[in-house]
1. Taking a quarter of the surface of the convex hull around the Cα atoms of segment 21-451, what do you get in nm²?
2. Which parts of segment 102-123 would a label at residue 243 reach, counting a residue when its backbone N lies under 18 Å from a point 7 Å out along Cα-to-Cβ?
3. With an 8 Å Cα cut-off and a minimum separation of 6 or more residues, compute the relative contact order for segment 110-240 in percent.
4. For segment 21-451, what is the relative contact order in percent, using Cα pairs closer than 8 Å and at least 6 residues apart in sequence?
5. Taking every pair of distinct Cα atoms and averaging 1/r, then inverting, what Kirkwood hydrodynamic radius in Å comes out for segment 110-227?
6. Please report how far the C-alpha centroid of segment 36-82 lies from that of segment 186-213, rounded to the nearest whole angstrom.
7. Need the C-alpha centroid separation for segment 335-414 versus segment 142-177, integer Å.
8. According to the square roots a ≥ b ≥ c of the eigenvalues of the Cα gyration tensor, what is the shape class of segment 179-313, taking rounded for a/c under 1.5, prolate for a/b larger than b/c otherwise, and oblate for the remainder?
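Read-outs: derived from the displayed coordinates by stated rules, not from any lab. Just so you know, these numbers come straight off a predicted model, no measurement behind them. All Cβ positions, even for glycine, are placed from backbone atoms using ideal geometry, and neighbour counts span all protein chains on display.
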């Protein structure tokens with residue numbers, strides 16, 4: 001069987017031969033079997049950092065009830081993202097196929113994946129999202145102003161707002177408050193289950209989840225019926241998909257494709273962006289000096305010069321730094337679809353792998369004082385290695401909604417900071433709340449949004 005390798009990734013053993021999986025060093029912390037998972041949950045970033053310092057870019061550890069091979073560091077990011085054909089995404093992302101259909105883009109491999117990404121490109125390109133900037137800005141401002149008495153749970157405020165944004169831009173639909181609440185809850189419940197490994201079956205079998213999923217897909221059918229009743233296609237990104245598909249000479253989308261693409265253009269990704277915004281506000285609260293500078297920059301806020309954010313370098317730097325410090329997916333499980341070689345070891349097909357895609361965020365040799373919130377590091381033309389940020393992943397399976405997040409997050413953050421003072425009832429915690437493998441906030445973090453007067457006073 002052929003193997004895949006990259007230059008510099010295969011330092012052989014002293015004898016010159018490749019070693020096997022059993023020769024890979026095992027990272028232990030605490031008690032046997034249960035120690036590594038507990039240590040990871042307590043300090044997810046520190047756990048893999050300690051393992052990397054001790055063992056290098058490849059080691060084994062216990063996770064989700066089984067032993068995984070871990071690939072970590074810049075060389076691992078380069079290998080994983082340049083060799084996406086090594087991985088079986090169908091085996092890794094099985095939950096997406098089970099819950100959303102076997103043709104869902106996240107769990108496809110090879111040519112079927114490339115074809116699906118090509119079909120979806122008209123809805124997710126930067127220009128396709130950026131054309132809605134004025135509307136995104138307006139809807140976010142309206143939704144923030146509608147929060148009763150400005151009192152909210154910061155950990156849950158942005159998901160519904162971003163759903164409203166999508167329903168006014170990329171997928172035009174009339175959503176009731178009940179619909180928004182259902183879609184918001186489904187996305188959280190569904191994503192939580194994807195992180196549960198083999199235990200997801202019990203989680204997804206719960207009657208309350210099955211009812212929630214049924215209600216969600218009924219909403220999809222209802223909003224699609226709204227569109228059909230119009231006669232002409234609304235001018236949004238979902239219609240762009242339909243038009244491009246027909247222009248390519250393909251048959252009209254099936255009912256499953258319509259429902260799946262409704263999920264992707266209306267719902268998918270809102271919680272990842274909401275989580276990012278939560279942490280942006282928490283970190284800004286920790287640096288009043290930086291926030292004051294950022295507010296001065298936002299005095300000239302406008303979406304007209306927005307693309308690229310060159311006019312708002314402090315806003316861009318804030319989001320870049322929070323993406324580094326609090327990525328949504330701290331590690332990414334992978335499944336070896338075929339044999340490969342890495343760092344002097346031969347890994348056989350079928351091996352469960354963890355890609356520690358965000359370990360690089362905390363390496364001192366890449367980022368000075370990596371545990372600190374220092375958005376200044378991105379100013380004055382400072383740049384970092386292209387594989388030194390793992391927030392969106394990489395390679396052909398890079399996050400489909402990357403451009404959506406890169407538009408929604410700065411517009412939302414600018415709207416909050418320039419228009420409101422965010423008052424926390426108590427000092428926010430910087431503890432990472434894990435949903436097994438990901439950084440998912442679901443907590444009660446009460447805040448009061450106090451309207452700033454013109455000129456910046458609150």
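1. 21.1 nm²
2. 119-123
3. On the way: 71 pairs, mean separation 38.0, N = 131.
This gives 29 percent for segment 110-240.
4. Values: 589 pairs, mean separation 106.2, N = 431.
Relative contact order here is 25 percent.
5. Computed over Cα pairs of segment 110-227, the Kirkwood hydrodynamic radius comes out at 16.6 Å.
6. Using only Cα atoms to place each centre, the spacing works out to 26 Å.
7. 29 Å
8. Verdict is oblate for segment 179-313.
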